[in-house]
Amino acid sequence: RLGVRQLKWELEDLAFRCLDPETYQNLSRQLDTKRVDREVYIANVVRLLREELASAGIAGEVAGRPKHIYSIWRKMQSKGVGLEEMSDVRAVRVLVSDIKSCYAVLGLVHNLWTPIVREFDDYIAKPKVNDYRSLHTAVAGPGGEVLEVQIRTHDMHHHAELGVAAHWRYREAARGDSA
């Protein structure tokens, strides 16, 4: 809500490293790359996808970032899986204007990299109960690294982002805190 998401992630990683250094170091070694290396990887993927969209004549925005170590660990704990089963350690999101373009981008992504079949969800054709809509796919990206790609329209993204904001607003209003 205050625009300090990056600070939150950094503090979580620092606290995790201090409070559980053994687990932190083990996970860090398993990731096999430093955060800076993951950020460079994502930047290269974003650049490549932007070039592919332009050459296909698809107007869209591409953004991404590597998942932070604490976030990875927390998801591993909640799902009861190991790092090898995580498909979103590296992720990018593509925003386009319409549904037809979503599926066109999916085709481009699957043409660039080998899809991981068990890691595909079409939440456009079958939205989640909360009306979340997006395409999620995982591919063996550059260098064979697993890469998650989310594809949605600007409207879908707006809905996903405001859904969270509306939730906290609703909960605070329910407690009588109208400010």
Just subtract the alpha-carbon distance of residue 100 and residue 158 from 0.36 nm times their residue separation and send over the number in nm, one decimal.
-> 19.1 nm
Cross-link pairs beyond the 26 Å C-alpha cut-off, checked among 8/126; 75/128; 67/100; 79/100; 8/100 | 8/126; 67/100; 79/100; 8/100
Heavy-atom accessible area ranking, 1.4 Å probe, most first, across 81, 45 = 81, 45
Note: residue 116 to residue 50 extended length (0.36 nm per residue) minus current alpha-carbon separation gives 21.6 nm
What does a probe at residue 81 reach in the stretch 103-118, counting residues whose amide N is under 14 Å from the point 7 Å along Cα→Cβ?
-> 116-118
Gained length - residue 74 relative to residue 39, 0.36 nm times residue gap less alpha-carbon distance = 10.6 nm
The stretch 59-143 - accessible surface per residue (Å², probe 1.4 Å) | 53
Work out how far the C-alpha atoms of the stretch 20-103 reach from end to end along every principal axis, then list the three figures in whole Å, largest first.
-> 48, 25, 16
From the Cα centre of the stretch 40-88 to that of the stretch 143-161, the distance in Å is 8
Place the peptides 144-153, 58-67 in order of packing, highest mean first, counting for every residue the other Cβ atoms within 10 Å and averaging per peptide.
-> 144-153, 58-67
Rounded, prolate or oblate: which fits the stretch 76-141 when a ≥ b ≥ c are the square roots of the eigenvalues of the alpha-carbon gyration tensor, with rounded for a/c under 1.5 and prolate only if a/b beats b/c?
-> oblate
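The values are calculated or read from the model by the stated rules, or taken from the named source; none is laboratory data. Note that the coordinates shown come from a computational prediction; the quantities given were computed from them, not determined experimentally. FYI the Cβ positions are ideal-geometry reconstructions off the backbone, even for glycines, and counts take in every protein chain you see. Note: areas computed on protein heavy atoms with side chains; ligands, DNA, RNA excluded. Shrake-Rupley method; radii C 1.70, N 1.55, O 1.52, S 1.80 Å.
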